[in-house]
Amino acid sequence: MYLFGEASGSLPRPYGKVNRNPVAIVNGMADKSPIYINAVPDQELVFDASASYDPDGDELSFNWFFYYELYFPGCVDLIVSPDGTGCTVTVSEATGNDNLHLILEVTDNGTPSLTSYRRIVINVSENNK
């Protein structure tokens, strides 16, 4: 049985011999909980994920997007930096009681490639002044 498991690769591998998920850090926050932001209309919000890293040293790619089901087309301007590690969000109008959900997706180039996510929940209201 042991030889079968070893041959099939189904046995646990020693630490350092497997690919591990990247660590997505936004604005210095490394925990995995969502980030909650209050904003007013036309406020520019800047998000920085350049401190994100891969524990195996793999290269990272970044993708910023709004969660489609909770998105307000036309009221959000999303500008991503050329290297993808940062973005600027400007919301042109209040979203009422609804929140925008900005997602950061960080993917490594290991084998297999792995992805980590961070959610940023943005509440845009005139009452946030």
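The values are calculated or read from the model by the stated rules, or taken from the named source; none is laboratory data. Keep in mind the model is a prediction, meaning the values are calculated, not measured. Don't worry about glycine lacking a Cβ; one is built from the backbone with ideal geometry, like all the others, and counts go over all protein chains shown.
With respect to N19, is the statement that it is closer than 18 Å to Y117 by Cβ, modelled with pLDDT of 75 or more and not hydroxyl-bearing (S, T, Y) true? Before you say what the answer is, go through the steps one by one.
On the way: closer than 18 Å to Y117 by Cβ: yes; modelled with pLDDT of 75 or more: yes; not hydroxyl-bearing (S, T, Y): yes.
Here the answer is yes, as N19 does meet what is asked.
What number goes with the only condition from (1) exposed (fewer than 12 other Cβ atoms within 10 Å of the Cβ); (2) part of a strand (DSSP E or B) that N127 does not pass?
Condition not satisfied by N127: (2).
When you check V121 against the structure, is it surrounded by 19 or more Cβ atoms within 10 Å (Cβ to Cβ) and at pLDDT 90 or above, yes or no? Give the derivation first.
Working: surrounded by 19 or more Cβ atoms within 10 Å (Cβ to Cβ): no; at pLDDT 90 or above: yes.
In short, no.
Checking the conditions here, which among D31, D54, D83 is of a type in the set (D, E) and under 17 Å from R119 (Cα atoms)? Give the steps one after another, and end with the answer.
On the way: D54 fails: under 17 Å from R119 (Cα atoms); D83 fails: under 17 Å from R119 (Cα atoms).
So the residue among D31, D54, D83 that is of a type in the set (D, E) and under 17 Å from R119 (Cα atoms) is D31.
Condition (residue is over 20 Å from M29 (Cα atoms), assigned to a strand (DSSP E or B) and among the aliphatic types (A, V, I, L, M)) applied to the stretch 47-67: is it met by at least one residue?
no
Hey, among D31, D42, D98, which residue is on the phi > 0 side of the Ramachandran plot and at pLDDT below 95? Show your work before the answer.
Working: D31 fails: on the phi > 0 side of the Ramachandran plot; D98 fails: on the phi > 0 side of the Ramachandran plot.
Result of the check over D31, D42, D98: D42.
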